[in-house]
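Asker: Once you've had a glance at the structure underneath, I'll fire off some questions.
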Amino acid sequence: MIQEAVVILVAGGALALVANHLSPRGVVLSRNYFPGAVPGIVSRPVVAAPPAGNSESTNALAAISEESLKERFKAQGLQLADSNLVIQLFRDPRYASELVVFLDARDDQHYQEGHVPGAYQFDHYRAEKHLATILPVCQTADQVVIYCNGGLCEDSEFSALMLIEAGVLKERLWVYGGGMTEWKTNNLPVEIGARQSGQLLPGQSSAPSSPSETNPP
Amino acid sequence: MSAESNRQNPEPGARGSDGMIRAASLPAGRWQSRVDVWSPGVRWLLGVAFIYMGLAKALDPVDFLKLVRQYEMIQHPYLLNALAASLPWFEVYCGLLLITGIGVRGSALLLGTMLVGFNLVLVKRALAIQAVLSLPFCAIKFDCGCGAGEVYICRKLAENLCLLVLAVWLVMSRNRRFCWRHSLFI
(Lines give C-alpha, C1' and ligand atoms only; values in the text may rest on other atoms or scores of the structure.)
Protein backbone atom coordinates (compact mmCIF):
# COMPACT_ATOMS: atom_id res chain seq x y z
CA MET A 1 0.00 0.00 0.00
CA ILE A 2 2.85 2.41 0.79
CA GLN A 3 4.43 1.59 -2.56
CA GLU A 4 1.10 2.36 -4.21
CA ALA A 5 0.84 5.65 -2.30
CA VAL A 6 4.32 6.67 -3.45
CA VAL A 7 3.46 5.97 -7.09
CA ILE A 8 0.23 7.96 -6.77
CA LEU A 9 2.10 10.79 -5.06
CA VAL A 10 4.73 11.07 -7.78
CA ALA A 11 2.29 10.74 -10.67
CA GLY A 12 -0.22 13.05 -8.99
CA GLY A 13 2.39 15.69 -8.26
CA ALA A 14 3.54 15.70 -11.88
CA LEU A 15 -0.03 15.81 -13.22
CA ALA A 16 -0.93 18.59 -10.80
CA LEU A 17 1.95 20.74 -12.04
CA VAL A 18 0.92 20.09 -15.64
CA ALA A 19 -2.69 21.05 -14.81
CA ASN A 20 -1.47 24.25 -13.18
CA HIS A 21 0.65 25.04 -16.22
CA LEU A 22 -2.30 24.53 -18.56
CA SER A 23 -4.74 26.50 -16.42
CA PRO A 24 -5.13 30.13 -17.54
CA ARG A 25 -5.26 31.12 -13.88
CA GLY A 26 -2.31 28.99 -12.84
CA VAL A 27 0.48 30.10 -10.53
CA VAL A 28 3.73 31.04 -12.31
CA LEU A 29 6.27 28.85 -10.55
CA SER A 30 9.30 30.98 -11.28
CA ARG A 31 7.85 34.24 -10.01
CA ASN A 32 8.20 35.76 -6.58
CA TYR A 33 4.70 36.95 -5.74
CA PHE A 34 5.84 38.44 -2.45
CA PRO A 35 8.89 40.56 -3.27
CA GLY A 36 10.67 41.98 -0.26
CA ALA A 37 8.59 40.00 2.19
CA VAL A 38 10.37 39.75 5.51
CA PRO A 39 10.09 36.23 6.98
CA GLY A 40 8.32 36.08 10.32
CA ILE A 41 7.13 39.66 10.18
CA VAL A 42 3.74 38.86 8.67
CA SER A 43 2.27 36.62 11.29
CA ARG A 44 -1.28 37.74 11.39
CA PRO A 45 -4.79 36.49 10.71
CA VAL A 46 -6.47 37.04 7.38
CA VAL A 47 -9.74 37.34 9.20
CA ALA A 48 -10.32 37.02 12.87
CA ALA A 49 -13.63 37.38 14.61
CA PRO A 50 -13.38 39.20 17.91
CA PRO A 51 -16.65 39.01 19.80
CA ALA A 52 -18.72 42.16 19.96
CA GLY A 53 -17.44 44.57 22.57
CA ASN A 54 -13.96 43.10 22.68
CA SER A 55 -12.45 46.43 21.71
CA GLU A 56 -9.38 45.85 23.84
CA SER A 57 -8.33 42.85 21.76
CA THR A 58 -9.10 44.68 18.53
CA ASN A 59 -7.08 47.70 19.60
CA ALA A 60 -4.20 45.48 20.61
CA LEU A 61 -4.25 43.89 17.17
CA ALA A 62 -4.41 47.30 15.49
CA ALA A 63 -1.46 48.52 17.53
CA ILE A 64 0.56 45.45 16.63
CA SER A 65 -0.32 45.88 12.99
CA GLU A 66 0.70 49.55 12.98
CA GLU A 67 4.03 48.66 14.48
CA SER A 68 4.66 45.79 12.08
CA LEU A 69 3.62 48.04 9.19
CA LYS A 70 6.19 50.69 10.09
CA GLU A 71 8.81 48.01 10.60
CA ARG A 72 8.14 46.49 7.20
CA PHE A 73 8.17 49.83 5.39
CA LYS A 74 11.44 50.77 6.97
CA ALA A 75 12.98 47.45 5.98
CA GLN A 76 11.82 47.85 2.38
CA GLY A 77 12.70 51.53 2.00
CA LEU A 78 9.15 52.47 1.03
CA GLN A 79 7.42 55.77 1.75
CA LEU A 80 4.32 55.57 3.88
CA ALA A 81 1.58 58.09 3.14
CA ASP A 82 -0.98 59.11 5.75
CA SER A 83 -4.51 60.17 4.95
CA ASN A 84 -3.70 63.91 4.97
CA LEU A 85 -1.07 63.50 2.29
CA VAL A 86 -3.27 61.21 0.25
CA ILE A 87 -6.22 63.63 0.38
CA GLN A 88 -3.90 66.44 -0.57
CA LEU A 89 -2.63 64.48 -3.57
CA PHE A 90 -6.17 63.48 -4.53
CA ARG A 91 -7.17 67.16 -4.59
CA ASP A 92 -4.01 68.21 -6.38
CA PRO A 93 -4.78 69.77 -9.80
CA ARG A 94 -2.10 67.52 -11.28
CA TYR A 95 -4.36 64.51 -10.61
CA ALA A 96 -6.56 65.46 -13.56
CA SER A 97 -3.55 65.48 -15.90
CA GLU A 98 -2.24 62.19 -14.49
CA LEU A 99 0.87 63.70 -13.01
CA VAL A 100 -0.49 62.40 -9.75
CA VAL A 101 -1.70 58.81 -10.14
CA PHE A 102 -3.55 56.49 -7.79
CA LEU A 103 -3.15 52.73 -8.11
CA ASP A 104 -5.52 50.22 -6.59
CA ALA A 105 -3.54 47.04 -5.79
CA ARG A 106 -6.59 44.84 -5.14
CA ASP A 107 -8.26 42.18 -7.26
CA ASP A 108 -11.07 42.70 -9.77
CA GLN A 109 -13.89 42.10 -7.32
CA HIS A 110 -12.66 44.60 -4.75
CA TYR A 111 -11.84 47.15 -7.42
CA GLN A 112 -15.29 46.91 -8.97
CA GLU A 113 -16.93 47.21 -5.57
CA GLY A 114 -15.30 50.56 -4.98
CA HIS A 115 -12.04 52.41 -5.60
CA VAL A 116 -10.66 55.92 -5.38
CA PRO A 117 -12.20 57.82 -8.32
CA GLY A 118 -9.85 57.71 -11.28
CA ALA A 119 -7.51 55.11 -9.74
CA TYR A 120 -5.99 52.55 -12.06
CA GLN A 121 -6.16 48.92 -11.05
CA PHE A 122 -2.84 47.17 -10.52
CA ASP A 123 -3.33 43.69 -9.11
CA HIS A 124 0.32 42.66 -9.03
CA TYR A 125 -0.62 38.95 -8.77
CA ARG A 126 -1.90 39.30 -12.31
CA ALA A 127 0.59 41.93 -13.35
CA GLU A 128 0.65 40.87 -16.99
CA LYS A 129 -2.93 42.14 -17.26
CA HIS A 130 -2.15 45.64 -16.02
CA LEU A 131 1.53 46.49 -16.53
CA ALA A 132 1.19 47.58 -20.15
CA THR A 133 -1.34 50.22 -19.12
CA ILE A 134 0.00 51.45 -15.84
CA LEU A 135 3.76 51.38 -16.38
CA PRO A 136 3.89 54.28 -18.90
CA VAL A 137 1.51 56.26 -16.68
CA CYS A 138 3.64 55.68 -13.58
CA GLN A 139 6.87 56.49 -15.36
CA THR A 140 5.61 59.90 -16.41
CA ALA A 141 3.83 60.74 -13.15
CA ASP A 142 5.35 62.98 -10.46
CA GLN A 143 3.65 61.10 -7.61
CA VAL A 144 2.14 57.65 -7.50
CA VAL A 145 -0.04 56.56 -4.59
CA ILE A 146 -0.65 52.83 -4.16
CA TYR A 147 -3.23 51.42 -1.82
CA CYS A 148 -5.03 48.20 -1.00
CA ASN A 149 -7.56 47.46 1.73
CA GLY A 150 -5.73 48.90 4.69
CA GLY A 151 -3.18 48.27 7.38
CA LEU A 152 -3.48 44.50 7.34
CA CYS A 153 -3.05 44.30 3.59
CA GLU A 154 0.41 43.97 2.01
CA ASP A 155 -0.57 44.02 -1.64
CA SER A 156 0.19 47.73 -2.00
CA GLU A 157 3.73 47.13 -0.76
CA PHE A 158 4.30 44.22 -3.11
CA SER A 159 2.93 46.29 -6.00
CA ALA A 160 5.23 49.18 -5.10
CA LEU A 161 8.24 46.90 -5.00
CA MET A 162 7.30 45.39 -8.34
CA LEU A 163 7.00 48.86 -9.89
CA ILE A 164 10.40 49.84 -8.51
CA GLU A 165 11.81 46.72 -10.08
CA ALA A 166 10.12 47.69 -13.35
CA GLY A 167 11.86 51.07 -13.33
CA VAL A 168 9.54 53.48 -11.50
CA LEU A 169 11.52 55.78 -9.21
CA LYS A 170 11.23 54.92 -5.54
CA GLU A 171 11.02 58.60 -4.56
CA ARG A 172 7.80 59.02 -6.54
CA LEU A 173 5.99 56.15 -4.90
CA TRP A 174 3.80 56.44 -1.83
CA VAL A 175 2.07 53.55 -0.14
CA TYR A 176 -1.17 54.56 1.53
CA GLY A 177 -1.17 52.46 4.70
CA GLY A 178 -4.76 53.25 5.68
CA GLY A 179 -5.96 52.02 2.32
CA MET A 180 -9.53 51.80 1.11
CA THR A 181 -10.86 51.14 4.60
CA GLU A 182 -9.58 54.48 5.90
CA TRP A 183 -10.64 56.23 2.70
CA LYS A 184 -14.22 55.07 3.17
CA THR A 185 -14.15 55.87 6.90
CA ASN A 186 -13.25 59.43 5.95
CA ASN A 187 -16.35 59.59 3.73
CA LEU A 188 -14.31 60.32 0.65
CA PRO A 189 -15.81 59.57 -2.77
CA VAL A 190 -15.73 55.98 -3.93
CA GLU A 191 -16.15 55.11 -7.58
CA ILE A 192 -17.73 51.77 -8.43
CA GLY A 193 -17.34 49.67 -11.57
CA ALA A 194 -14.76 50.51 -14.19
CA ARG A 195 -12.24 53.36 -13.96
CA GLN A 196 -13.84 56.73 -14.78
CA SER A 197 -17.28 55.11 -14.76
CA GLY A 198 -18.57 58.21 -13.01
CA GLN A 199 -20.68 56.07 -10.70
CA LEU A 200 -20.24 56.72 -7.02
CA LEU A 201 -21.30 54.52 -4.14
CA PRO A 202 -25.01 54.88 -3.32
CA GLY A 203 -25.52 57.78 -0.93
CA GLN A 204 -22.66 59.81 -2.35
CA SER A 205 -23.28 62.80 -4.59
CA SER A 206 -22.83 62.55 -8.35
CA ALA A 207 -19.38 61.89 -9.66
CA PRO A 208 -17.03 64.85 -9.79
CA SER A 209 -15.92 65.86 -13.24
CA SER A 210 -12.36 65.64 -11.97
CA PRO A 211 -11.00 64.32 -8.69
CA SER A 212 -9.63 67.75 -7.83
CA GLU A 213 -13.20 69.03 -7.52
CA THR A 214 -13.98 66.52 -4.79
CA ASN A 215 -13.74 67.93 -1.33
CA PRO A 216 -13.19 65.75 1.69
CA PRO A 217 -15.37 66.51 4.71
CA MET B 1 -15.19 -4.65 -13.28
CA SER B 2 -17.91 -7.04 -12.12
CA ALA B 3 -15.71 -10.11 -12.63
CA GLU B 4 -13.00 -8.56 -10.53
CA SER B 5 -15.61 -7.53 -8.03
CA ASN B 6 -16.91 -11.09 -7.62
CA ARG B 7 -13.43 -12.52 -7.47
CA GLN B 8 -12.18 -10.09 -4.89
CA ASN B 9 -15.27 -9.83 -2.74
CA PRO B 10 -16.61 -13.33 -2.12
CA GLU B 11 -19.57 -13.95 0.13
CA PRO B 12 -18.79 -14.42 3.83
CA GLY B 13 -18.16 -18.08 4.51
CA ALA B 14 -16.91 -18.83 1.02
CA ARG B 15 -13.55 -20.45 0.47
CA GLY B 16 -10.90 -17.89 -0.40
CA SER B 17 -8.08 -18.23 -2.92
CA ASP B 18 -5.77 -19.30 -0.11
CA GLY B 19 -8.04 -22.27 0.60
CA MET B 20 -9.18 -20.95 3.95
CA ILE B 21 -12.82 -20.59 4.86
CA ARG B 22 -13.60 -16.92 5.41
CA ALA B 23 -14.09 -16.31 9.08
CA ALA B 24 -17.27 -14.28 8.68
CA SER B 25 -18.52 -15.48 12.01
CA LEU B 26 -15.56 -14.08 13.88
CA PRO B 27 -15.98 -10.58 15.31
CA ALA B 28 -12.98 -9.30 13.35
CA GLY B 29 -14.41 -10.73 10.13
CA ARG B 30 -17.84 -9.24 10.81
CA TRP B 31 -16.22 -5.89 11.45
CA GLN B 32 -14.25 -6.17 8.23
CA SER B 33 -17.35 -7.08 6.23
CA ARG B 34 -19.22 -4.11 7.67
CA VAL B 35 -16.37 -1.84 6.69
CA ASP B 36 -16.41 -3.35 3.22
CA VAL B 37 -20.17 -2.99 2.71
CA TRP B 38 -20.05 0.77 3.07
CA SER B 39 -16.75 1.40 1.36
CA PRO B 40 -18.07 2.29 -2.14
CA GLY B 41 -20.25 5.01 -0.62
CA VAL B 42 -17.40 6.20 1.58
CA ARG B 43 -15.11 6.25 -1.44
CA TRP B 44 -17.49 8.39 -3.48
CA LEU B 45 -18.20 10.72 -0.58
CA LEU B 46 -14.54 11.34 0.13
CA GLY B 47 -13.77 11.63 -3.59
CA VAL B 48 -16.48 14.23 -4.18
CA ALA B 49 -15.40 16.19 -1.09
CA PHE B 50 -11.80 16.41 -2.29
CA ILE B 51 -12.73 17.23 -5.88
CA TYR B 52 -14.94 20.06 -4.61
CA MET B 53 -12.31 21.44 -2.24
CA GLY B 54 -9.54 21.04 -4.80
CA LEU B 55 -11.45 22.78 -7.58
CA ALA B 56 -12.44 25.64 -5.28
CA LYS B 57 -8.73 26.33 -4.78
CA ALA B 58 -7.58 25.48 -8.29
CA LEU B 59 -9.96 28.04 -9.80
CA ASP B 60 -8.20 30.82 -7.91
CA PRO B 61 -4.73 29.54 -7.10
CA VAL B 62 -3.32 33.00 -6.42
CA ASP B 63 -5.77 33.47 -3.57
CA PHE B 64 -4.79 30.05 -2.30
CA LEU B 65 -1.12 31.02 -2.58
CA LYS B 66 -1.72 34.08 -0.39
CA LEU B 67 -3.50 31.97 2.19
CA VAL B 68 -0.81 29.28 2.22
CA ARG B 69 1.78 31.99 2.82
CA GLN B 70 -0.07 33.08 5.94
CA TYR B 71 0.85 29.76 7.56
CA GLU B 72 4.54 30.70 7.31
CA MET B 73 5.59 27.10 6.80
CA ILE B 74 7.61 27.74 3.67
CA GLN B 75 9.73 30.84 3.20
CA HIS B 76 11.15 30.06 -0.21
CA PRO B 77 8.94 31.72 -2.84
CA TYR B 78 9.36 29.03 -5.50
CA LEU B 79 8.59 26.20 -3.10
CA LEU B 80 5.56 28.13 -1.94
CA ASN B 81 4.45 28.54 -5.56
CA ALA B 82 4.95 24.84 -6.22
CA LEU B 83 2.85 23.89 -3.21
CA ALA B 84 0.04 26.31 -4.07
CA ALA B 85 0.12 25.25 -7.71
CA SER B 86 0.08 21.52 -7.12
CA LEU B 87 -1.94 20.90 -3.96
CA PRO B 88 -5.39 21.83 -5.34
CA TRP B 89 -4.96 19.71 -8.48
CA PHE B 90 -3.50 16.88 -6.44
CA GLU B 91 -6.65 16.85 -4.32
CA VAL B 92 -8.78 16.72 -7.47
CA TYR B 93 -6.62 13.89 -8.80
CA CYS B 94 -6.93 11.83 -5.60
CA GLY B 95 -10.67 12.50 -5.56
CA LEU B 96 -10.96 11.19 -9.12
CA LEU B 97 -8.94 8.09 -8.23
CA LEU B 98 -11.29 7.36 -5.35
CA ILE B 99 -14.42 7.84 -7.43
CA THR B 100 -13.17 5.62 -10.23
CA GLY B 101 -11.69 3.14 -7.77
CA ILE B 102 -8.06 3.23 -8.83
CA GLY B 103 -5.36 2.70 -6.21
CA VAL B 104 -7.98 3.22 -3.52
CA ARG B 105 -5.96 2.36 -0.43
CA GLY B 106 -2.90 4.29 -1.58
CA SER B 107 -5.01 7.36 -2.38
CA ALA B 108 -6.83 7.11 0.93
CA LEU B 109 -3.52 6.80 2.76
CA LEU B 110 -2.23 9.94 1.06
CA LEU B 111 -5.41 11.90 1.76
CA GLY B 112 -5.41 10.74 5.38
CA THR B 113 -1.81 11.84 5.80
CA MET B 114 -2.63 15.19 4.22
CA LEU B 115 -5.60 15.66 6.54
CA VAL B 116 -3.43 15.01 9.60
CA GLY B 117 -0.96 17.59 8.29
CA PHE B 118 -3.74 20.10 7.54
CA ASN B 119 -5.13 19.75 11.04
CA LEU B 120 -1.74 20.28 12.64
CA VAL B 121 -1.06 23.49 10.72
CA LEU B 122 -4.63 24.69 11.32
CA VAL B 123 -4.22 24.25 15.07
CA LYS B 124 -0.84 25.99 14.97
CA ARG B 125 -2.28 28.96 13.11
CA ALA B 126 -5.37 29.16 15.29
CA LEU B 127 -3.19 29.17 18.39
CA ALA B 128 -1.10 32.00 16.91
CA ILE B 129 -4.26 34.03 16.27
CA GLN B 130 -5.55 33.20 19.71
CA ALA B 131 -2.32 34.46 21.25
CA VAL B 132 -2.83 37.84 19.55
CA LEU B 133 -6.57 38.22 20.05
CA SER B 134 -7.05 36.43 23.38
CA LEU B 135 -10.20 34.75 22.13
CA PRO B 136 -11.65 31.38 23.08
CA PHE B 137 -10.20 28.79 20.72
CA CYS B 138 -13.50 27.97 19.05
CA ALA B 139 -14.27 31.66 18.41
CA ILE B 140 -11.31 31.88 16.04
CA LYS B 141 -12.55 32.27 12.49
CA PHE B 142 -10.39 32.69 9.42
CA ASP B 143 -10.02 31.68 5.81
CA CYS B 144 -7.91 28.57 6.17
CA GLY B 145 -7.45 28.08 2.42
CA CYS B 146 -9.46 24.90 2.63
CA GLY B 147 -11.76 25.94 -0.22
CA ALA B 148 -14.70 26.87 1.98
CA GLY B 149 -13.94 30.51 2.77
CA GLU B 150 -13.95 31.75 6.36
CA VAL B 151 -14.66 29.04 8.88
CA TYR B 152 -14.64 28.62 12.62
CA ILE B 153 -11.62 26.59 13.60
CA CYS B 154 -13.44 23.99 15.70
CA ARG B 155 -15.93 23.31 12.93
CA LYS B 156 -13.13 22.94 10.39
CA LEU B 157 -11.20 20.59 12.63
CA ALA B 158 -14.33 18.48 13.16
CA GLU B 159 -14.93 18.35 9.39
CA ASN B 160 -11.35 17.29 8.77
CA LEU B 161 -11.61 14.63 11.45
CA CYS B 162 -14.72 13.23 9.75
CA LEU B 163 -12.85 13.13 6.44
CA LEU B 164 -9.92 11.48 8.19
CA VAL B 165 -12.22 8.76 9.53
CA LEU B 166 -13.46 8.15 5.98
CA ALA B 167 -9.88 7.96 4.69
CA VAL B 168 -8.91 5.46 7.42
CA TRP B 169 -12.05 3.49 6.57
CA LEU B 170 -10.88 3.13 2.98
CA VAL B 171 -7.38 2.15 4.06
CA MET B 172 -8.94 -0.68 6.12
CA SER B 173 -11.37 -1.75 3.42
CA ARG B 174 -10.75 -4.61 0.98
CA ASN B 175 -13.95 -4.16 -0.99
CA ARG B 176 -13.38 -3.94 -4.72
CA ARG B 177 -16.97 -3.35 -5.80
CA PHE B 178 -17.32 -0.70 -8.50
CA CYS B 179 -13.54 -0.33 -8.58
CA TRP B 180 -11.69 -0.02 -11.83
CA ARG B 181 -8.40 -1.12 -10.33
CA HIS B 182 -8.59 -1.21 -6.54
CA SER B 183 -4.91 -1.98 -6.16
CA LEU B 184 -2.30 -0.86 -8.66
CA PHE B 185 0.02 -3.81 -8.06
CA ILE B 186 -2.29 -6.84 -7.90
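The values are calculated or read from the model by the stated rules, or taken from the named source; none is laboratory data. Please read all numbers here as calculations on a predicted model, not as lab measurements. With ideal geometry, Cβ positions are generated from the backbone for all residues, glycine too; neighbour counts draw on all protein chains shown. Please note that ligands, DNA and RNA were not included when accessible areas were found on the heavy atoms of the full protein model with its side chains. Shrake-Rupley method; radii C 1.70, N 1.55, O 1.52, S 1.80 Å.
Asker: For the residue pair B:Leu127 and A:Ala11, what label-to-label distance in nm results when each label sits 7 Å from Cα along the Cα-to-beta-carbon direction?
Answerer: Spacing of the two 7 Å Cα→Cβ label points: 3.8 nm.
Asker: While we're looking at this one, here's another question. If you look at just the Cα atoms of region B:38-172, how large are its Rg and its Dmax in Å?
Answerer: For region B:38-172, the Cα radius of gyration and maximum Cα-Cα distance read 15.1, 46 Å.
Asker: Hey, another quick one. Per residue, how large is the accessible surface of region B:38-172? Use a 1.4 angstrom probe and give square angstrom. Walk me through the numbers before you get to the answer.
Answerer: Numbers: 5380 Å² over 135 residues.
Per-residue value: 40 Å².
Asker: Next up: Whole Å is fine, so just give me how far the alpha carbon centre of region A:137-165 lies from that of region B:120-186.
Answerer: Between the Cα centre of region A:137-165 and that of region B:120-186, the gap is 37 Å.
Asker: Excluding ligands, DNA and RNA, what is the accessible area buried between chains B and A, summed over both sides, using a 1.4 Å probe, to the nearest 100 Å²? List each step's numbers first, then the result.
Answerer: Values: alone 11200 and 12320 Å², together 19580 Å².
Summing both sides, the interface buries roughly 3900 Å².
Asker: Let me ask something additional. Using amide H atoms built in the peptide plane, which far-off residues or other-chain residues are under 5 Å from A:Gln121 H to H?
Answerer: HN-HN under 5 Å from A:Gln121: A:Asp104.
Asker: What shape does region B:57-115 take by its C-alpha gyration tensor, where a ≥ b ≥ c are the square roots of the eigenvalues and a/c under 1.5 counts as rounded, a/b above b/c as prolate, and the rest as oblate?
Answerer: Working: a/c = 3.02, a/b = 2.02, b/c = 1.50.
Here region B:57-115 falls in the prolate category.
Asker: Which lysines, on any chain, are close to B:Lys141 with Cα under 23 Å apart, when same-chain ones fewer than 8 places away are left out?
Answerer: B:Lys57, B:Lys66, B:Lys124, B:Lys156
Asker: While we're looking at this one, here's another question. Mind checking the dipole of region B:38-172: about its Cα centre, +1 per Lys or Arg Cβ, -1 per Asp or Glu Cβ, Debye to the nearest 20?
Answerer: Computed charge dipole of region B:38-172: roughly 200 debye.
Asker: Could you check the spin-label model distance between A:Asn186 and A:Val28? Points 7 Å from the Cα along Cα→Cβ, value in nm.
Answerer: So the two model labels end up 3.3 nm from each other.
Asker: So, one more: So which lysines pass the test for A:Lys170, namely a Cα distance under 24 Å, with those fewer than 8 places away in the same chain ruled out?
Answerer: Within the straight-line cut-off, A:Lys170 pairs with A:Lys70, A:Lys74, A:Lys129.
Asker: Then there is this: Of the listed peptides A:111-118, A:91-98, B:110-117, what is their order by residue-averaged count of other C-beta atoms within 10 Å, with the highest listed first?
Answerer: Details: A:111-118: 20.6, A:91-98: 15.1, B:110-117: 19.0.
Going by the mean number of other Cβ atoms within 10 Å, highest first, we get A:111-118, B:110-117, A:91-98.
Asker: Another question about this same structure. Using a simple spin-label model with points 7 Å from Cα along the Cα→Cβ vector, what separation in nm is obtained for B:His76 and B:Val116?
Answerer: With each label point 7 Å from Cα toward Cβ, the separation is 2.5 nm.
Asker: Within 10 Å of each Cβ in B:120-130, how many Cβ atoms from other chains are there, averaged over the peptide? Present the calculation step by step, with values, prior to reporting the outcome.
Answerer: Working: counts 0, 0, 0, 0, 0, 3, 2, 0, 3, 8, 2.
That average works out to 2.
Asker: Considering every residue in A:19-25, what mean count of other chain Cβ atoms within 10 Å of its Cβ is obtained? Working shown, then result.
Answerer: Numbers: counts 9, 11, 1, 1, 6, 0, 6.
Across A:19-25, the average partner-chain Cβ count within 10 Å equals 5.
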